[in-house]
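The values are calculated or read from the model by the stated rules, or taken from the named source; none is laboratory data. Remember, it's a predicted structure, so these values are computed and weren't measured experimentally. All Cβ positions, even for glycine, are placed from backbone atoms using ideal geometry, and neighbour counts span all protein chains on display. Note: areas computed on protein heavy atoms with side chains; ligands, DNA, RNA excluded. Shrake-Rupley method; radii C 1.70, N 1.55, O 1.52, S 1.80 Å.
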Amino acid sequence: MAHGKRSALIVGASRGLGLGLVQALMARGWDVTATARGPAPGLDGLEPAPRIERVDIDDDAGVARLGRTLSGERFDVVFIVAGVATDAQVPVPQVGRASALKVYETNAISPIRAAEVLVPCVAPGGLVVLMSSILGSVGANESGGMESYRASKAALNTLARSFEARHRDAPFGVVLMHPGWVRTDMGGPEAEIDVGTSAAGIAEVLEARLGHKGCVYLDHRGETLPW
Ligand SMILES: NC(=O)c1ccc[n+]([C@@H]2O[C@H](COP(=O)([O-])OP(=O)(O)OC[C@H]3O[C@@H](n4cnc5c(N)ncnc54)[C@H](OP(=O)(O)O)[C@@H]3O)[C@@H](O)[C@H]2O)c1
């Protein structure tokens, strides 16, 4: 099917997977708008440079400002990548309440609230994509560990299904994406794949998914994951 130049808004692109996705999509000819909440030397150094906006997804006023800045624009993909894994190794009985709640806020509440604000910017046939994790699968959790992080991504998955149900009549689909275990600040040096491999896979999966509605939970190879 013939298509014009595709466009994406990548929220949380200062480093890691967000930055890698900006590079992977630009390399495939997409127009990319990237956001960072603070200094982002990796983004600033890209050549050609993407358009860069500022937003902290935990700041409702800032997200609303981004919505106003982008009003009237349409993106084929609006991708909320930002996430944290603070105290992920500390079991829930020991983790500080404030820390666990902040992880829930940033990984589950804020992405959905940002997606809601940005819905008017999603092009017909486009996608709202939320960065989840296989660790958000309740069914696949046989080993435990990473407790508050897992729970935050499970909550994101559930909230994304409610988001999709709320917008079922709208002409876009929802994707929950597991990027693989990736060598980033969060994934660590022992992770299985590099950012480029994950980002290229995700880009391919998203291109194949454009034009499809519903809410799916996929990994970077396009495999469907168990809820
Ligand atoms: N790496 C993996 O193996 C893996 C596996 C599964 C899922 N994921 C998910 O993939 C996403 C990206 O992870 P990563 O590995 O690239 O992690 P990372 O290297 O730690 O990068 C995290 C990114 O999120 C941004 N961020 C955090 N809180 C934010 C907020 N409140 N507002 C705006 N931006 C915020 C950070 O911005 P600053 O630079 O300003 O801190 C940074 O750009 C996360 O959602 C993570 O849970 C990663």
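Rg over Rh of region 1-140, using C-alpha atoms and the Kirkwood radius, what does it come to? Display every interim value, and only then the final one.
Details: Rg = 15.9 Å, Rh = 15.9 Å.
For region 1-140, the value is 1.00.
Which net charge results for the neighbourhood of V205, defined as the other residues with beta-carbon distances under 11 angstrom from its beta-carbon, given Lys and Arg at +1 and Asp and Glu at -1? Each step should come with its number before you reach the end.
Values: positive: R209, R221; negative: E204, E207, D219, E223.
Computed value for this residue: -2.
Packing-wise, with mean Cβ within 10 Å as the measure, how do 138-147, 106-115, 179-188 rank, highest first? Write down the numbers at each step before the final one.
On the way: 138-147: 12.1, 106-115: 23.1, 179-188: 17.9.
Ranked from most to least packed, the peptides come out as 106-115, 179-188, 138-147.
If a paramagnetic tag sat 7 Å from the Cα of K5 along the Cα-Cβ line, which residues of region 14-28 would have the backbone N under 20 Å from that point?
It comes to 21-28, nothing else.
Roughly how many percent of the accessible protein surface of region 94-181 is carbon and sulfur, given a 1.4 Å probe and a whole-percent answer? Let's see the in-between values first.
Working: 2160 of 3660 Å².
Carbon and sulfur atoms account for 59 percent of the accessible area of region 94-181.
Measuring with a 1.4 Å probe in the full set of protein chains, what accessible area per residue, in whole Å², belongs to the chain?
Working: 10660 Å² over 227 residues.
The answer is 47 Å² per residue.
Provide the gained length on full extension for the span R221 to A208, in nm with one decimal, where the gain is 0.36 nm per separating residue minus the Cα-Cα distance. If you can, show how the numbers build up before the last one.
On the way: separation 13, 0.36 × 13 = 4.68 nm, distance 1.12 nm.
Difference between extended and current length: 3.6 nm.
Nearest-5 percent of antiparallel DSSP beta bridges in the chain? Numbers along the way, then the final one.
Numbers: 1 of 31 bridges.
Antiparallel bridges: around 5 percent, rounded to the nearest 5.
Taking the simple approach of a point 7 Å from Cα along Cα-to-Cβ for both R97 and A27, what is their distance in nm?
Using points 7 Å along Cα→Cβ, the separation is 4.7 nm.
Tally Lys/Arg at +1 and Asp/Glu at -1 over every other residue whose Cβ is under 15 Å from the Cβ of E73; what's the total?
Details: positive: K5, R6, R51, R65, R68, R74; negative: D31, E53, D76.
Taking every Cβ under 15 Å from that of E73, the sum is +3.
Mean projection of the alpha-carbon convex hull of region 23-93 over all orientations, in nm²?
On the way: hull surface 27.4 nm².
Computing the convex hull of the Cα atoms and averaging its projections yields 6.8 nm².
For region 165-227, place one equal point scatterer on every Cα, skip the solvent, and apply the Debye formula. What is log10 of I(q)/I(0) at q = 0.18, 0.26 Å⁻¹?
For region 165-227 at q = 0.18, 0.26 Å⁻¹, log10 I(q)/I(0) is -0.68, -1.06.
Among I134, F75, A170, which residue has its Cα positioned farthest towards the positive end of the charge dipole of region 7-219, with +1 placed on the Cβ of Lys and Arg, -1 on the Cβ of Asp and Glu, and the dipole taken about the Cα centre?
The listed residue farthest towards the positive side: A170.
Helix-only estimate, please: 222 nm mean residue ellipticity of the chain, summing -39500 (n - 2.57) across DSSP H runs of length 4 or more and dividing by its residues, to the nearest 500.
Numbers: 7 runs with 78 residues, N = 227.
For the chain, the value works out to -10500 deg cm²/dmol.
Given just the C-alpha atoms of region 102-186, how large is their convex hull per residue in cubic angstrom?
Working: hull volume 9.2 nm³, N = 85.
Dividing the Cα hull volume of region 102-186 by its residue count gives 108 Å³.
Work out the length of the dipole vector of region 69-227 about its Cα centre, built from +1 on the beta-carbon of each Lys and Arg and -1 on the beta-carbon of each Asp and Glu, and round it to the nearest 20 debye. Intermediate results must be reported in sequence, preceding the final value.
Values: 13 positive and 17 negative charges, 104 e Å.
The calculation lands at about 500 debye.
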